[in-house]
1. Which length gain, in nm to one decimal place, applies between V96 and E80 when the Cα-Cα distance is subtracted from 0.36 nm times their residue separation?
2. Based on DSSP H assignment, which helices of the chain show an axial Cα extent of at least 20 Å together with a mean Kyte-Doolittle hydropathy greater than or equal to 1.0?
3. Taking 8 Å as the Cα distance limit and 6 or more residues as the minimum spacing, I'd like the relative contact order of the chain as a percentage.
4. Pulled fully out, how much extra length does the chain show between Y5 and V88, if you take 0.36 nm times their separation in residues and subtract their Cα-Cα distance?
5. Taking N as the number of residues in the range 33-75, what is its alpha-carbon radius of gyration divided by 2.2 N^0.38 Å?
6. For the chain, report the convex hull volume of the alpha-carbon atoms normalised per residue, in Å³, without decimals.
7. Scan around A195 for amide H atoms under 5 Å from its own, H built in the peptide plane at 1.01 Å from N, and keep only partners 5 or more places away or cross-chain.
8. Taking H as built 1.01 Å from N, whose amide H comes closer than 5 Å to the amide H of Y181, not counting residues under 5 places away?
Amino acid sequence: MLPIYWIQHPFFEQYKIQPDKAWPWLDEKQHVRDEFKKLSLKSIKLTSVNLFILLPLMSAMKIWLAHVTGLENPYAFSYEHWPNPINVVNLVSMVVLHEFGFYMTHNMMHTYPSLYKYHKIHHEYKMNTTLASQHNHPIDFVLSIGTPALLAVTVVRPHMITLFQFTIWTMYANLDDHVGYAFPWSPVRWFVPLAAATDEHEFHHSINLGCYASKLSIFNSLFGGYEYYNKKKTKSL
């Protein structure tokens, strides 16, 4: 995204979610630019801890737990079981389970003050860039990022290639949530009418309310989360 952020070509800028606001590194106020620089450095530190320390530890723990509980998939590395139609079913199942888990844990992080004190770190971004995608306190990362993924993988027990595809999807979807643009060609738009709009998460960051799901709209629609977002949409019409 760095070239797109830097060039600001009209073709890309037409999809910017907050077109009336300048990117913080281009803001005319010096203190805004300085604060963004500090926030960016903090993001790099948090991302490094979360992806290069916590993620490998959680992966190792998942493998160990599967081994000691007997929940290992005996066909996880089998050439005979991939590709196979069941892999598609498993992938879709993991996406839906992960989305449900994320909705529940994300909602929980906002409901309880004892948890929100960790999650509020993620909300230091009011205007998202890709740096915000892993800008989580380690406890928040484990609860709201790691737990939904663990739920999906534990229930489905996929082939390793399917798990790799699921990992790529979740990382991409997380980046897409925080990219600051709503690109219509993004793969996460392919699930219309079930797809959640990218600007939903941008809205969530702006007021810290509602839109608790990530890439599917079904759980916000079923359990609540669109009340404030729909009011905003109605006012803008």
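Read-outs: derived from the displayed coordinates by stated rules, not from any lab. Since we're looking at a predicted model, the values are computed, not measured. Backbone-built Cβ (ideal geometry, glycine too); neighbour counts: all protein chains shown.
1. Between V96 and E80, full extension yields an extra 3.2 nm.
2. 55-69
3. Worked out over the chain, it gives 24 percent.
4. 26.4 nm
5. 1.86
6. 149
7. Residues meeting the criterion, in which the H sits 1.01 Å from N, are S217.
8. I17
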